[in-house]
Amino acid sequence: DGGITQSPKYLFRKEGQNVTLSCEQNLNHDAMYWYRQDPGQGLRLIYYSQIVNDFQKGDIAEGYSVSREKKESFPLTVTSAQKNPTAFYLCASTSPFGVTEAFFGQGTRLTVV
Amino acid sequence: DQQVKQNSPSLSVQEGRISILNCDYTNSMFDYFLWYKKYPAEGPTFLISISSIKDKNEDGRFTVFLNKSAKHLSLHIVPSQPGDSAVYFCAASRNAGGTSYGKLTFGQGTILTVHP
């Protein structure tokens, strides 16, 4: 089945450590996105990539980094510079053909202690 | 600045009745609107969308209405079922040449509870 896989589902890290969240899709989608959800808030865009080897900052990119070396993969690194890293992180992708909705993965809950 | 707002944090409805979820936006450049349903600790799942060239789109029990002059959209669920209980997010995008459909601006969400 085609879809978006995020791993791990739960992640615990010590304060000051960098951590990388995985996102893989087999939908043959060109564009991929990372969102963050905090309690009582909507999803906010961190980074997005519309093509391999290219990515753009979203609304809250500070303290995060991404890479897009392969079409299928868009990993997100939460660096020690991110002041409030504890959140629910969601990866999404969209097809380039016509009007279509974004498909989301199941999310990764990151807790920094 | 919150460009997409869902002013009702929660809504409680009896099974079989209509659920109406509302959403307002401020950016007149938005031209594509979506509703997503989300359960805790899961990713959102797409429900229904509407382009700014339309004022209504229907899919089964779900209907989305768009009032561009008021910058307002609403999701109607008829009849409501207990399985509809979830958080509902509205989202908007600006279709810059067809490359921005996933670059969404979300509202804060509305928790819908449908009682049996």
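The values are calculated or read from the model by the stated rules, or taken from the named source; none is laboratory data. Computed from a predicted structure; not experimentally measured. Here Cβ is always computed from backbone atoms with ideal geometry, including for glycine, and neighbour counts include all displayed protein chains. Ligands, DNA and RNA are excluded from the accessible area calculation, which covers all protein heavy atoms including side chains. Shrake-Rupley method; radii C 1.70, N 1.55, O 1.52, S 1.80 Å.
Could you please give the count of residues in region B:15-37 that are within 19 Å of B:VAL87 (Cβ to Cβ) and either free of Cβ contacts under 8 Å to residues at least 40 places away in the same chain or assigned to a strand (DSSP E or B) (or both)? Number satisfying all stated conditions: 12. Can you list the strands (runs of 3 or more DSSP E) lying wholly within region A:26-67 that have 1 or more residues being among the aliphatic types (A, V, I, L, M) and open to solvent by 50 Å² or more (accessible area, probe 1.4 Å)? Passing ranges, in order: A:43-51. Tallying residues that are over 30 Å from A:SER7 (Cα atoms), part of a strand (DSSP E or B) and basic (Lys, Arg) within region B:38-56 yields 1.
Residues considered: A:ILE51, A:ILE60, A:ILE46. Of these, the only one that is within 10 Å of the chain's Cα centre (by Cα) and either within 23 Å of B:CYS90 (Cβ to Cβ) or within 14 Å of chain B (Cβ to nearest Cβ) (or both) is A:ILE46. What do you reckon, is B:PHE46 more than 24 Å from A:THR108 (Cβ to Cβ) and either open to solvent by 70 Å² or more (accessible area, probe 1.4 Å) or out of contact with any Gly (no Cβ under 6 Å at 6 or more places or on another chain) (or both)? Taking the combined requirement at face value, the residue does not satisfy it.
If only residues of region A:78-97 that are facing chain B (nearest Cβ under 8 Å) and surrounded by fewer than 22 Cβ atoms within 10 Å (Cβ to Cβ) are counted, the one that is nearest to B:TYR39 (Cα to Cα) is A:PHE88. Quick check on my filter: what residues within region B:45-70 are within 10 Å of chain A (Cβ to nearest Cβ) and within 12 Å of the chain's Cα centre (by Cα)? Residues satisfying the conditions are B:THR45, B:PHE46, B:LEU47, B:ILE48, B:SER49.
The residue that is nearest to A:LYS70 (Cα to Cα), among those in region A:1-25 that are outside any loop (DSSP other than H, G, I, E, B) and of a type in the set (Gly, Ala, Ser), is A:SER22.
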